[in-house]
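What follows is one structure encoded as structure tokens, with my remarks underneath.
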Amino acid sequence: MKRDAINHTKLKKLSRLLDVPAYQAVGILESLWHLTGREAIRGDIGKLTDQDIAYAIDYRGDETQLIESLVRCRWLDRHKRFRLLVHDWNEHADDTIKKRIQRSGIGFCTPETADNGGQRRTTADNGRLPAP
């Protein structure tokens, strides 16, 4: 987990929305990020159902409430094509994930690139070179 995330207001809000202690909210997020790294490396976690996400992270409460809370706190973002994206996954994924993405050439799903099938934008798309 990112060092600053544990004290972030978003974490405290998630803890309250799910009525769980902060340490359990940390575990939910850490488990979600490990799941994403295994099964949705591009950040497109919405390819899994809410129920599958809850099962995979061993969340035993209501899976709809879990997902709604994660969206409300901006740990997940809704997307019209991919249903759910891990918020800023391309920035916060660990180096191992970033290297796997780079080697595979598939690119991260982001709000800016997701409608492009996850492909990087070119200078023609936004006037700038793609980030390395």
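The values are calculated or read from the model by the stated rules, or taken from the named source; none is laboratory data. Small disclaimer: the values here were computed from a predicted structure and weren't measured. Every residue, glycine as well, gets a Cβ built from its backbone with ideal geometry; the counts of neighbours run over all protein chains shown. To get the accessible areas, we keep the full protein, side chains included, count just its heavy atoms, and leave off ligands, DNA and RNA. Shrake-Rupley method; radii C 1.70, N 1.55, O 1.52, S 1.80 Å.
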| field | Which listed residue is surrounded by 15 or more Cβ atoms within 10 Å (Cβ to Cβ), in contact (Cβ under 8 Å) with a residue 12 or more places away in the chain and within 22 Å of LYS98 (Cα to Cα), from SER69, SER31 | value | SER31
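Go through region 11-28 residue by residue and tally those that are open to solvent by 70 Å² or more (accessible area, probe 1.4 Å) and in a helix (DSSP H, G or I). Break it down into steps so the answer makes sense when it comes.
Of the residues in region 11-28, the ones open to solvent by 70 Å² or more (accessible area, probe 1.4 Å) are 12-13, 16, 19, 23-24.
Right, trim to in a helix (DSSP H, G or I) and you get 12-13, 16, 23-24.
Total meeting the criteria: 5.
Can you work out which of the residues in region 1-10 that are over 21 Å from ALA54 (Cβ atoms) and either open to solvent by less than 100 Å² (accessible area, probe 1.4 Å) or touching a His at 6+ places or on another chain (Cβ under 9 Å) (or both) is modelled with the lowest pLDDT? Step through it out loud before you land on a result.
Keep residues of region 1-10 that are over 21 Å from ALA54 (Cβ atoms), which gives 2-4, 6-9.
If we keep only those that are either open to solvent by less than 100 Å² (accessible area, probe 1.4 Å) or touching a His at 6+ places or on another chain (Cβ under 9 Å) (or both) too, we end up with 2, 6, 8.
Values: LYS2: 59, ILE6: 69, HIS8: 80.
Among residues in region 1-10 that are over 21 Å from ALA54 (Cβ atoms) and either open to solvent by less than 100 Å² (accessible area, probe 1.4 Å) or touching a His at 6+ places or on another chain (Cβ under 9 Å) (or both), the one modelled with the lowest pLDDT is LYS2.
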| request: Report whether or not HIS79 is touching a helix residue (DSSP H, G or I) at 6+ places or on another chain (Cβ under 9 Å), open to solvent by 70 Å² or more (accessible area, probe 1.4 Å) and either within 26 Å of GLY107 (Cα to Cα) or of a type outside the set (S, T, N, Q) (or both). | output: no
| remark: If we keep only residues of region 53-63 that are over 13 Å from the mean Cα position of the chain (by Cα) and open to solvent by less than 70 Å² (accessible area, probe 1.4 Å), then the residue farthest from VAL20 (Cα to Cα) is ALA56
